Amino acid sequence: MFEGDQLEQDTVFRVGRVVSVEGRQVRVAVDKLKNSSHLLFQGGIVRNVAVGGYLKIVKGFSELIAKVDGEVIEEDRGASAVYRRGVDPMSRQLQVSLIGYIERGRFERGVREMPLLDNQCFILTEAEFRLIHTFVDDSDAPIEIGALAMEPTQAVSVGVNAIFASHVGIFGNTGSGKSYTLAKLYHELFELYGQVEGFRRRSQLVLIDFNGEYLNRDGAGDDPRSTAVVTGNANKREYALSTRVANGPRVPL
């Protein structure tokens, strides 16, 4: 990016400055010209910062990433008392919390340093937004598991080694989609490696399903949907156990 283009982008993407630092809680005073919901940049529409979004705080050569937790209206005591409208003394302030920083083109989670007063704050670019939602190391293979609810165009991927070679917990209320999330993870794994001979020969996955949620469904006539759950019969073998009959299936040991 040329220097003039970078200056133009910084001018449009700047949203305010830091006015308060209390531990990890930071307050940002929003520029009065940046109170609209969207901004125009090079013929495109950029979503302005709002609750639930992210912003970048520039501290020297450091780029700190914060999440917007809330916003309040405060009186701007520095406003001129001579020529002003009724809205001029009011200042929109964002309550943000630090979640990480960008270093060498990578997003790192955690708080390494705190911002200073008057540090400038910017809306994230598309590339920076993508960095925050990347959970795959460069040496790992990614599998896509979905997209962000608030930004459907942003895909979410996880690393194969990070997920399947480690301990993972999926938590949530009843009906929140825990079983679907687990099925999605294994389905994408088999979609990627199900036909790889090395994976089929060396990998053995045992899934204990107490509720029978992952058993193949019975075909319903001309139903075009697949009756296989997680993966097809070529990659799995099912044992539908039951204590009600003496001659039912048994798990081989």
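The values are calculated or read from the model by the stated rules, or taken from the named source; none is laboratory data. This one's a predicted model, so the numbers in the text were calculated from it and none came from an experiment. Cβ: placed from backbone, ideal geometry, glycine included. Neighbour counts: every protein chain shown. Each accessible area value is taken on the protein alone, full model and side chains, heavy atoms only, with ligands, DNA and RNA left out. Shrake-Rupley method; radii C 1.70, N 1.55, O 1.52, S 1.80 Å.
Overview of results
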| read-out | value |
| --- | --- |
| Among beta bridges that DSSP assigns inside segment 60-217, antiparallel share in %, nearest 5 | 90 |
| Value of relative contact order over segment 108-182, rounded to a whole percent, pairs C-alpha under 8 Å and six or more apart | 21 |
| Ranked packing of 201-210, 114-123, most packed first, by mean Cβ within 10 Å | 114-123, 201-210 |
| Residue pairs, from the table Lys32/Lys67; Lys56/Lys184; Lys59/Lys184, whose Cα atoms sit over 31 Å apart | Lys56/Lys184; Lys59/Lys184 |
| Peptides 135-143, 21-29, 166-174, 92-100 ordered by average Cβ neighbours within 10 Å, highest first | 92-100, 21-29, 135-143, 166-174 |
| Rounded percent of accessible protein surface that carbon and sulfur make up, segment 153-216, 1.4 Å probe | 51 |
| Förster radius 51 Å - calculated FRET efficiency between Glu75 and Thr227, Cβ distance, rounded to 0.05 | 0.20 |
| Probe 1.4 Å, protein heavy atoms only - accessible area per residue of segment 92-157 in square angstrom | 56 |
| Mean Cα-pair separation over length for segment 97-251, i.e. relative contact order, pairs under 8 Å, 6 or more apart, % | 12 |
